[in-house]
Amino acid sequence: MALPELDRKRLPHHIAIIMDGNGRWAQKHGLSRAAGHEAGMKSVKAIIRACRELGSIEVLTLYAFSTENWRRSKTEVGTLFRLLSKYVALELDNLHKEEVRITAMGRLDDLPSRAQEDLRHAVELTASNKAMTVNVALNYGAHAELADAARAVARDAKLGMLEPESIDESCFSRYLYLPDLPDPDLLIRTGGEMRLSNFMLWQLSYAELVFSRVLWPDFRKRHLYLAIAEFQSRKRRFGGR
Ligand code: IPE
Ligand code: IPE
Ligand code: MG
């Protein structure tokens, strides 16, 4: 099937994706949830490549593990972090060659130590790459991010480094996890659910939201292009006329 035509001059700068539907994909195919997550890694690879090819996408943020996902079984949580390490081992060299910078956001100190080490290595190795940023949200929750920011603001105010009167939107946003990334202009959620599940509540205020019924392990370049085409068909007003 042909890819939808995209206006290359109006691509989103920052695409954020809630990668959902691995479990349902596995069930549909009579496989274990672990197999669903494994299949989802193929989509991660395909979508990073597709964004990289488009050229002017600056940031791709992938929601990989939420602060609520600890509610899943120990086995499933273990599988998810093992897959993260496996992915880093298999793909890091390629990503580095492609000039991709890797960043991570979330309460990273609470991740299993192996995952922390692999992530730190990937982030350090690719820190000065300029072609595109792949940002992984891990043990991420927007409520946690906002609470962490508020705590840091209060600490600085108490130390006399910050006047309470000077705390405005732009000052506060400097305390979020990765303040130098532009806000997402396109949010895609796969898997058919229409909710944000505690994802980037501050940064998504004016993002265009696109919900796809395609389960994440089936999500490929064509579906990404459809979502971008939908984004390009929207009239963005930002509260103006
Ligand atoms: C998304 O797929 C992966 C993570 C949340 C880590 P799910 O595992 O949530 O898949 P469904 O929603 O059960 O189909
Ligand atoms: C959102 O998916 C989190 C990630 C994709 C990492 P969930 O499957 O955890 O969200 P809910 O439970 O359907 O809201
Ligand atoms: Mg889900």
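The values are calculated or read from the model by the stated rules, or taken from the named source; none is laboratory data. Keep in mind that this is a model prediction, so the values were computed, not measured. Quick reminder, even Gly has a Cβ in these numbers, built from the backbone with ideal geometry, and neighbours come from all protein chains shown. Just the protein is used for accessible areas: all its heavy atoms, side chains included, with ligands, DNA and RNA removed. Shrake-Rupley method; radii C 1.70, N 1.55, O 1.52, S 1.80 Å.
Across segment 169-241, the relative contact order, built from alpha-carbon pairs under 8 Å that are at least six residues apart, equals 31 percent. With the simple spin-label model, which puts each label point 7 Å out from Cα in the Cβ direction, the MET161 to ARG236 separation comes to 3.2 nm.
3J(HN,Hα) along segment 127-139: 3, 9, 6, 10, 5, 6, 9, 9, 10, 9, 8, 10, 6 Hz, from the Karplus curve 6.51 cos²θ - 1.76 cosθ + 1.60 with θ = phi - 60°, whole Hz, x for Gly and Pro.
What does the charge dipole of segment 161-226 about its Cα centre add up to, to the nearest 20 debye, if the Cβ of each Lys and Arg holds +1 and the Cβ of each Asp and Glu holds -1?
720
For ARG82 and ARG220 in the same chain, what is the full-extension length gain: residue separation times 0.36 nm, less their Cα-Cα distance, in nm? Kindly include the intermediate steps, with their values, before the conclusion.
Numbers: separation 138, 0.36 × 138 = 49.68 nm, distance 2.32 nm.
Gain on stretching ARG82 to ARG220: 47.4 nm.
Over segment 10-154, the Kirkwood radius and the radius of gyration, each from Cα atoms, give a ratio Rg/Rh of 0.97.
How many lysine pairs does the chain hold where the Cα atoms are under 16 Å apart and the two sit 8 or more places apart or on different chains?
Summing the qualifying lysine pairs gives 7.
Rounded to the nearest 0.05, the FRET efficiency derived from the C-beta distance between ASP7 and SER205 at R0 = 25 Å is 0.55.
Solvent-accessible surface of the chain, averaged per residue with a 1.4 angstrom probe and all protein chains in place: 54 square angstrom.
May I ask for the Rg/Rh ratio of segment 88-241, computed from Cα atoms with Rh as the Kirkwood radius, given to two decimals?
1.00
Equivalent ellipsoid of segment 81-136: semi-axes from √(5λ) of the C-alpha gyration tensor, largest first, are 19, 13, 8 Å. Report summary: the helix-based calculation at 222 nm, which adds -39500 (n - 2.57) for every DSSP H run with n ≥ 4 and divides by the residues of the chain, gives -14000 deg cm²/dmol.
Checking understanding here: applying a Kyte-Doolittle mean of at least -1.0 and a length along the axis of at least 27 Å (C-alpha), which whole DSSP H helices in the chain pass?
Going by DSSP H runs, the hits are 33-54, 74-97.
Applying a DSSP loop filter and a limit of 11 other Cβ atoms within 10 Å to the trypsin sites (Lys or Arg not before Pro) in segment 119-162 leaves LYS130.
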